[in-house]
Amino acid sequence: MEAVDISSLVAKVPRRDSIGSAQYEELKAASAAGDVGRVRRLFDSTKPDSREGNYLLLLAQRNGHIRVTRHLVSHGIPIEANRVRDAIAASDYRSLSLFLDNGYDINQPKAWCTPSVLIHAFDNEDLCRWLLDRGADPNARCILDVSPLSIAVREAPLAIIKLLLQRGGSIECGQLLHYAVARDEPDYLEVLDFLLNKGLSAHINRVMFTNDRISYEWQKAFGIGTPLHHAADDGKLDLVDALISWGADPSVKDERGKLAIDRSRWNERMEVVERLRGLRLLKNSAHL
């Protein structure tokens, strides 16, 4: 079998086949070492493209060399979301300030289904506040109706959820009840109850994304359903009971025509099946 060179694919390290490859290797070493003088000398002759430049930025940033980072940014190297994510992970306020001062849009989505880099600050309340003070929007969505607040409801501490709501987060955006049902932290019932008391009980029987046409058209083929459907999928009986106590209707069908009991049966969540069957029998007997 013929050998295949995959060096350019590993860790996204740029690979040069040109005469300038030796200079680029030297430029990488200078960036990693924080030798801003050598970086300045080599940068113009090497003329790194955006991918190569981003890797230089990664090397400088991860090694704490703010002067090199500043030089690269000031010479047109684009600031990608992953560099901002790394700065958030490292609580690197200097790099974050540099990136924001040089035009990085803190609210731009990371991908069509992933909202902004604010989602990476949820384990650091001080940094989260700092980003909010600089314009981060809890409601800034991607193409789908998914916002930083959506992600917080699914996985952030309750204190962060409350902070985002205090700083403009809206319960009308981001399919929050569905993301609360998807929460896998020990306090999922507490978070659900908190949100329902905030007014989300009005959405308890809403099929996911039906209030957002673009998101709905993109996702309906996957059988999106109500919060009760998703709780039944996961087999969380306490969550099913909580939703029903707030008015969840087991007779609502998902976008494939399935009831919550159908989905719990398919997923072999037998406790949920029995609970929903009992509710059906109780309802039928009430009509006799």
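The values are calculated or read from the model by the stated rules, or taken from the named source; none is laboratory data. Worth saying up front: this structure is predicted, and the values here are computed from it rather than measured. Note: ideal-geometry Cβ built from the backbone for every residue, glycine included; neighbour counts use all protein chains shown.
Residue by residue, here is whether (1) under 30 Å from GLU125 (Cβ atoms); (2) in contact with a strand residue (DSSP E or B) (Cβ under 9 Å, 6 or more places away or on another chain); (3) at pLDDT 95 or above; (4) exposed (fewer than 12 other Cβ atoms within 10 Å of the Cβ) holds:
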| site | (1), (2), (3), (4) |
| --- | --- |
| ASP17 | no, no, no, yes |
| VAL36 | no, no, yes, no |
| PHE43 | no, no, no, no |
| GLU52 | no, no, no, no |
| LEU56 | no, no, yes, no |
| LEU72 | no, no, yes, no |
| ILE79 | yes, no, yes, no |
| ARG85 | yes, no, yes, no |
| ILE88 | yes, no, yes, no |
* Structure fact -> Restricting attention to segment 127-145, the residues that are touching a residue at least 60 places away in the same chain (Cβ under 8 Å) and within 13 Å of LYS110 (Cα to Cα) number exactly 2
* Structure fact -> By residue number, the members of segment 158-187 that are within 23 Å of LEU144 (Cα to Cα) and polar (S, T, N, Q) are SER170, GLN175
* Six or more apart or on different chains, Cβ under 6 Å: which pairs go from a residue in segment 34-51 that's closer than 19 Å to GLY64 by Cα to one that's among the β-branched types (Val, Ile, Thr) and surrounded by 12 or more Cβ atoms within 10 Å (Cβ to Cβ)? Could you list them? => GLY34/VAL68; VAL36/VAL68; VAL39/VAL68
* Restricting attention to segment 174-206, and to residues there that are among the hydrophobic types (A, V, I, L, M, F, W, C) and surrounded by fewer than 19 Cβ atoms within 10 Å (Cβ to Cβ), which single residue is nearest to SER251 (Cα to Cα)? -> ILE204
* List the number of the failed condition for LEU281; all other conditions in (1) outside any loop (DSSP other than H, G, I, E, B); (2) at pLDDT 95 or above hold. => (2)
* Within segment 198-224, which residues are over 27 Å from LEU163 (Cβ atoms) and in contact with a Leu (Cβ under 9 Å, 6 or more places away or on another chain)? -> ASN205, ILE214, TRP218, GLN219
* Inspect all residues belonging to segment 220-228 and state whether any of them is surrounded by fewer than 20 Cβ atoms within 10 Å (Cβ to Cβ), part of a loop (DSSP other than H, G, I, E, B) and of a type in the set (Gly, Ala, Ser). => yes
* Asked: Regarding ILE214, is this residue at pLDDT 95 or above, surrounded by fewer than 17 Cβ atoms within 10 Å (Cβ to Cβ) and under 19 Å from SER147 (Cα atoms)?
  -> yes
* Structure fact -> Note on segment 262-274: residues assigned to a helix (DSSP H, G or I) and farther than 20 Å from LEU177 by Cβ are ASP262, ARG265, TRP266, MET270, GLU271, VAL273, GLU274
* Structure fact -> When every residue in segment 240-272 that is polar (S, T, N, Q) and over 21 Å from LEU195 (Cα atoms) is compared, the one surrounded by the fewest Cβ atoms within 10 Å (Cβ to Cβ) is SER251
* Tabulated pairs, segment 82-95, first at positive phi, second surrounded by fewer than 21 Cβ atoms within 10 Å (Cβ to Cβ) and at pLDDT 95 or above, C-beta under 8 angstrom, 6+ apart or interchain -> SER91/ASN124; SER91/LEU127
* Given VAL240, VAL153, VAL252, VAL191, which one is in a loop (DSSP other than H, G, I, E, B), of a type outside the set (Phe, Trp, Tyr) and in contact (Cβ under 8 Å) with a residue 12 or more places away in the chain? -> VAL252
